[in-house]
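Quick notes on the structure that follows.
The values are calculated or read from the model by the stated rules, or taken from the named source; none is laboratory data. Bear in mind that the values here come from a model prediction, so they are computed numbers and not experimental data. As a convention, Cβ positions derive from the backbone with ideal geometry for all residues, glycine included, and neighbour counts pool all protein chains shown.
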Amino acid sequence: MNAAGSGRQIEISILEMAVGKLRACIGADEKLGYQSGIDEALKFNQKVWDVFCADWSSDTCALEEDLRTSLLSLGLFVKKRTFTILAQPTCSGVLAIIELNDNLIQGLKNPVSRGD
């Protein structure tokens, strides 16, 4: 496996771990329990996104500028949403972050090739 492939797999694994922590906080009735561990799960997820954003904003990032800008916008959205949910936890807020992470995971698993 090449370095890009193994790096991508690490990113996928970390995002899947974050999603697992978030999903574990949601009960079968799709409600957040009082002692669900949501704070820890959200903070872990935010750390993951902070690392991604640092990479995307680096001069050495190999991604195209438009993609980097879009990903950084998503990172800002996650940060704002996380602070909102930490202040007032809602299942819909957590599910939105889970969905965003799941979409990023799918994008990493099935990258779109450029038609150069």
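At a glance:
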item: Leading residue by the ranking (surrounded by the fewest Cβ atoms within 10 Å (Cβ to Cβ)) among those in segment 79-95 that are among the polar types (S, T, N, Q) and in a loop (DSSP other than H, G, I, E, B); result: 88
item: Residue count, segment 105-116 (criterion: at pLDDT below 95 and aliphatic (A, V, I, L, M)); result: 2
item: Filter result for the condition that a residue is under 22 Å from residue 96 (Cβ atoms) and modelled with pLDDT under 95, over 24, 18, 4; result: 24
item: Residue among 108, 67 that alone is more than 20 Å from residue 14 (Cα to Cα) and aliphatic (A, V, I, L, M); result: 67
item: From 59, 50, residue being modelled with pLDDT of 95 or more and not polar (S, T, N, Q); result: 50
item: Condition met for residue 36 (at pLDDT below 95, not in a helix (DSSP H, G or I) and not acidic (Asp, Glu)); result: yes
item: Some residue of segment 96-115 being more than 20 Å from residue 17 (Cβ to Cβ) and part of a helix (DSSP H, G or I); result: no
item: Residues within segment 46-78 that are within 17 Å of residue 108 (Cα to Cα) and surrounded by 14 or more Cβ atoms within 10 Å (Cβ to Cβ), tallied; result: 12
item: Flag if residue 54 is small (Gly, Ala, Ser), assigned to a helix (DSSP H, G or I) and either more than 15 Å from the chain's Cα centre (by Cα) or over 15 Å from residue 15 (Cα atoms) (or both); result: yes
item: Members of segment 76-116 found to be over 21 Å from residue 25 (Cβ atoms) and within 18 Å of the chain's Cα centre (by Cα), listed by number; result: 76, 106, 107, 108, 109, 110, 111
